[in-house]
Amino acid sequence: MKTTNLPVKKTALLALLTAVSLTACSPGSTETAGGPAGTGGAAASAAASPAPASGTAASQNAEPTASANPAQIQTRLADFQLISETEGFAWGETNGSLRLYRTDDGGRNWTLLHPWDDTVKSGAPLAGGSLYFLDARHGWTAAANDGRQAVTAYTADGGRSWTRSTLDKPTSAAGLSFADPLHGWMLTSSDAAMGKSEKTLYGTDNGGKDWKPLTSVSMDKPAPGTLPLSGHASGMTFRDTGNGWIALAGNEEKPVLYRTRDGGKTWNSVPMKLPQELNDSSVTLDGAPVFFKDDSRKGWIPVQTLNGSTDSRDAYVTEDGGETWTYKRTGMQNNLAFADSLHGWGFKNKVLHATSDGGGTWNPVPADPVLTDTLKANPNVIRMGFATPQTGWLLLGSEDGKKSKLLKTSDAGKHWTLL
């Protein structure tokens with residue numbers, strides 16, 4: 001996977017040579033900033049903006065940073081977010097620091113991006129956890145700096161430049177979601193103990209420049225209309241500026257979903273009925289609710305079901321915009337992915353399966369030699385995602401966790417190429 005540098009403008013120096021106004025231009029020079037390949041360049045700092053009101057985040061601008069990028073991605077990838085047929089982001093970590101890459105040509109070439117400088121150790125976040133892209137231009141991430149302060153960064157130009165903010169207290173981001181480029185939410189948690197954690201939900205109405213607390217629950221002040229202390233967030237989704245959902249997983253081993261109708265100020269539990277035969281099984285929500293672009297009233301939540309010795313990946317589905325949810329068996333054993341309300345993919349017995357009727361039936365996809373060979377050395381399915389019913393990415397990892405392979409299909413999983 002080749003990596004390209006960010007463009008830097010050439011400059012010309014005009015010099016006055018004679019009294020008759022003869023001019024000449026000196027040769028242009030190209031500049032690059034940042035450290036050597038694989039080290040990650042430090043972002044240039046800018047003056048801080050005026051401090052916001054109490055309880056909000058203070059913003060700082062970070063100018064674009066170009067670095068001497070490696071010829072290939074020089075890190076084990078941990079996750080990705082596929083935006084379109086040609087655009088996507090993939091990332092991992094090196095020595096505790098985030099390595100974030102962008103492609104605009106379907107994975108043929110990559111650009112190394114720099115949300116943080118070397119004072120921030122963000123690790124490799126999960127998509128939708130502490131790193132989230134709304135589209136190819138707008139993205140947000142959160143981490144902790146060397147002073148253990150919670151810091152956020154956002155971009156409005158696809159990662160070429162980032163603006164940073166500092167939250168009002170030490171905490172860690174557990175979920176990010178945006179309804180549009182301006183309105184977003186960040187769930188943070190801290191002080192986890194005995195399956196419980198304090199939670200605070202922040203909101204922004206200016207694209208992440210400022211974050212204001214909307215609701216919180218602490219060990220000494222649980223209250224009605226707030227999120228529960230028990231469980232940790234496995235995913236958060238806001239469909240618009242009013243309606244949002246948070247999936248929780250924890251020691252209860254039952255599906256727990258909370259919903260807001262007022263933009264995150266108050267929350268209430270959503271009934272999640274189980275088939276009677278699964279009452280004694282462990283059924284947990286394994287990600288954020290997803291609403292389909294082709295039919296926004298339909299959506300799904302990934303589920304992990306442990307029933308005796310069987311470990312399957314199933315779903316809760318909705319057909320009324322998230323008002324009610326119904327458990328749906330898939331029989332798949334690894335990461336599920338849907339491109340729309342009809343087309344989905346999953347693995348069973350290390351064989352890729354696909355559905356074209358919304359999960360009603362699943363059929364094996366004819367074996368592809370590239371996928372088969374890659375799975376032998378990298379059997380762990382880390383993430384699978386599809387931008388369209390034809391175009392998808394698949395991230396595989398080795399059993400020892402030291403290697404990863406990113407693959408792409410352009411024909412609904414029939415054939416795969418290594419990126």
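Residue pairs exceeding 21 angstrom between C-alpha atoms, taken from Lys212/Lys293; Lys293/Lys414; Lys348/Lys405; Lys212/Lys265; Lys196/Lys328: Lys212/Lys293; Lys293/Lys414; Lys196/Lys328. The order of Val317, Val370, Val120, going from fewest to most other C-beta atoms within 10 Å of their C-beta, is Val370, Val317, Val120.
Quick one: length gained pulling Asp357 to Leu182 fully straight, 0.36 nm per residue minus the C-alpha distance? Write out the running numbers ahead of the final one.
Numbers: separation 175, 0.36 × 175 = 63.00 nm, distance 3.51 nm.
Answer, rounded to one decimal: 59.5 nm.
For q values of 0.18, 0.26 Å⁻¹, compute log₁₀ I(q)/I(0) with the Debye formula on a Cα-only model of segment 210-259, without solvent. Reported log10 I(q)/I(0), two decimals: -0.67, -1.17.
For segment 290-419, a simple Cβ point-charge model (Lys and Arg +1, Asp and Glu -1, everything else neutral) yields a dipole of about 420 debye relative to the Cα centre. Note on segment 334-419: Cα-Cα pairs beyond 21 Å make up 20% of the total pair count. Label separation (Thr372 vs His415): 1.6 nm, computed from points 7 Å beyond Cα along the C-beta direction. Between amide H atoms placed 1.01 Å from N, distances below 5 Å from Trp110 occur with Lys2, Thr3, Thr4, all of them 5 or more places distant or on a separate chain.
Multiply the residue gap between Ser230 and Lys348 by 0.36 nm, knock off their C-alpha separation, and tell me the result in nm, one decimal place. Intermediate results must be reported in sequence, preceding the final value.
Details: separation 118, 0.36 × 118 = 42.48 nm, distance 3.23 nm.
Difference between extended and current length: 39.3 nm.
Taking 0.36 nm per residue of separation and subtracting the current Cα-Cα distance, fully stretching the chain between Gln149 and Asp280 would add 43.0 nm.
Between Asn109 and Lys212, the FRET efficiency from the beta-carbon distance, with R0 = 45 Å, is close to 0.70.
Since every read-out is calculated from the coordinates, none of them should be taken as a lab result. The shown structure was predicted, so the numbers you read here are calculated from the model rather than taken from an experiment. Methodologically, a virtual Cβ is constructed for each residue, glycine included, from the backbone with ideal geometry; neighbour enumeration extends over all protein chains shown.
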